[in-house]
Amino acid sequence: QALDALPGVHTTILTGRNEKLFQRLDGRYENIEVVPFTREVEKYMARAHLMLSKPGGITCFEAIAARLPILAWQPFLQQEQENADFLVNCGMARIAAKEEGACLAAIRETIYDDGALSSMERAMEKASAALERAAVCGVVRELAGERVSA
């Protein structure tokens, strides 16, 4: 309800394979679109201004590729903590507590801060360009017959 009431904000919730969550939320809120499992995640990321998610590895790389700022839930797992630290230290993300009120406050503070969102997008662009350069260099080395180390 609180997300639905945010002025000027349209929220999309990707429920994945969680059918119960999809059924519970779908069609109940005017400003919230609920999407079941989809293979078109990049379509939703391309139209978004901010993503709220746990900082898993694949999610982080997808967000960087889409140049989509992240509001990451406070991670529990060590690798997610390291991902979150990296994203925050590079200016691509902020951390939100999992507690409902604190999470909503973090969403409000971030989604309405155009300067912060622009700064996070620029940091995403920089990281994405660096990753693309590294990938191209790896392909060139492979084509040249050089061994590529992980």
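The values are calculated or read from the model by the stated rules, or taken from the named source; none is laboratory data. In this text the structure is predicted, and so the values were computed from the model without any measurement. Don't worry about glycine lacking a Cβ; one is built from the backbone with ideal geometry, like all the others, and counts go over all protein chains shown. The accessibility values were calculated without ligands, DNA or RNA, using every heavy atom of the protein model including side chains. Shrake-Rupley method; radii C 1.70, N 1.55, O 1.52, S 1.80 Å.
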### Query
Got at least one residue in the stretch 84-97 being modelled with pLDDT under 95, open to solvent by 80 Å² or more (accessible area, probe 1.4 Å) and among the aromatic types (Phe, Trp, Tyr)?
yes
### Task
Under 7 Å between Cβ atoms, at least 6 apart or on separate chains: pull out the pairs that start in the stretch 124-150 with a residue that is open to solvent by 70 Å² or more (accessible area, probe 1.4 Å) and end on any residue that is part of a helix (DSSP H, G or I) and at pLDDT 70 or above.
LEU131/ILE64
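Here's the yes/no breakdown for (1) without any contact (Cβ under 8 Å) to a residue 24 or more places away in the chain; (2) open to solvent by less than 40 Å² (accessible area, probe 1.4 Å); (3) in a helix (DSSP H, G or I); (4) not polar (S, T, N, Q):
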{"position": "LEU21", "(1), (2), (3), (4)": "yes, no, yes, yes"}
{"position": "GLY27", "(1), (2), (3), (4)": "yes, no, no, yes"}
{"position": "GLU30", "(1), (2), (3), (4)": "no, no, no, yes"}
{"position": "GLU33", "(1), (2), (3), (4)": "yes, no, no, yes"}
{"position": "ALA65", "(1), (2), (3), (4)": "no, no, yes, yes"}
{"position": "LEU68", "(1), (2), (3), (4)": "no, yes, no, yes"}
{"position": "PHE76", "(1), (2), (3), (4)": "yes, no, no, yes"}
{"position": "GLU82", "(1), (2), (3), (4)": "yes, no, yes, yes"}
